[in-house]
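One structure is given here, and the rest of the page talks about it.
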Amino acid sequence: MDYKSALSAIITRRRDELASASLRYVDLLAVDDVLRALDSEYRDAAVKGNEKLAEKTDLKIRGRLKELGEYDRVYPKPHCPLCLDAGFRGSDICDCVKRYAISKNEIRFPLFDFSSSTPGIFGEHAKEFEKRQKLLETLMNKFPANNKRTIVLLGSPGTGKTFLASCCAGAALSKGASVTFASAFEFVEAALKYHTSPLSAKDGALSRFVDADLLVIDDLGTEPIYKNVTKEYFYLVVNERQLSRKHTICTSNLTIDEIASRYGERTASRLFSGKECIAFEFSYADARKIKL
Ligand SMILES: [Zn+2]
């Protein structure tokens, strides 16, 4: 589940709980004379604008509800004491939304936060790693208005590419964006399924790749090459996303030349040319940020 859906589920859950709390209160009014008298006293005071009396009576009502053992049903506690189930703390999405989304078990990738990064593990390359992280962090801070919408992270395994890609995914999620994070293998399997399904069954098979506000394809180049599928659908999705100004991040152990020869020149040009593209190399031998 993405954060937007989790947020709306949390808000709906709170609304439903409050609605059944009011119903419970109405039921209690019907059976408890003391409560009913207090309630009408309260309304009277409120109508007359006598705030002090209203406040005092409200306390009495709460007291009566406690005597009846009904307080928690009429004033249900929010699940999250931090945001009181509003889902936001200031302008930030509350952690309870993240937890809810993950508990629904639909975010199937490790969620990282830029702040949990430990560049020290890259030893002498810590500074280079940090530099790339800062750049990505700056881009994601501006998300979705950042002008670099196609980001490719290239380099050997173990250089932190996937970690940073999932930090980017986490950052987008925390802004309420929908995110699909998939391995290249998962992507190509979905494409193959789409390709081999009858027209009537194609519906939605690729939508999570096409429609997500941010698509992360991890480990491009490790997936099998299926004729008429791998290259073709990868191009199709990347192209479609660029046309609709959506954000795409790919990680790969391949070089630009290897990507060009594996997926074709036009795909390479979608990934590396154009104003919206930026590529980072994580070889650490050549620390240059590359931009063709
Ligand atoms: Zn919360």
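The values are calculated or read from the model by the stated rules, or taken from the named source; none is laboratory data. Keep in mind the model is a prediction, meaning the values are calculated, not measured. Virtual Cβ from ideal backbone geometry, glycine too; neighbours counted across all protein chains shown.
Selection within region 105-135: residues that are of a type in the set (A, V, I, L, M, F, W, C) and part of a helix (DSSP H, G or I). The member of this set that is modelled with the highest pLDDT is LEU135.
Yes/no per residue for (1) among the hydrophobic types (A, V, I, L, M, F, W, C); (2) within 16 Å of the ligand (Cβ to nearest atom); (3) touching a residue at least 12 places away in the same chain (Cβ under 8 Å); (4) assigned by TED's automatic domain parsing to the domain that holds ALA171:
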{"residue": "ALA19", "(1), (2), (3), (4)": "yes, no, no, no"}
{"residue": "ASP39", "(1), (2), (3), (4)": "no, no, yes, no"}
{"residue": "ASP44", "(1), (2), (3), (4)": "no, no, no, no"}
{"residue": "THR57", "(1), (2), (3), (4)": "no, no, yes, no"}
{"residue": "TYR71", "(1), (2), (3), (4)": "no, no, no, no"}
{"residue": "CYS83", "(1), (2), (3), (4)": "yes, yes, yes, no"}
{"residue": "ARG89", "(1), (2), (3), (4)": "no, yes, no, no"}
{"residue": "ASP92", "(1), (2), (3), (4)": "no, yes, yes, no"}
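Can you tell me which residues in region 238-253 are surrounded by fewer than 20 Cβ atoms within 10 Å (Cβ to Cβ), of a type outside the set (D, E, K, R) and touching a helix residue (DSSP H, G or I) at 6+ places or on another chain (Cβ under 7 Å)? ASN239, GLN242, listed by residue number.
Count of region 191-206 residues, restricted to those that are in a helix (DSSP H, G or I) and at pLDDT below 90, is 3. Within region 207-249, how many residues turn out to be of a type in the set (D, E, K, R) and in a helix (DSSP H, G or I)? Summing the residues that are of a type in the set (D, E, K, R) and in a helix (DSSP H, G or I) in region 207-249 gives 6.
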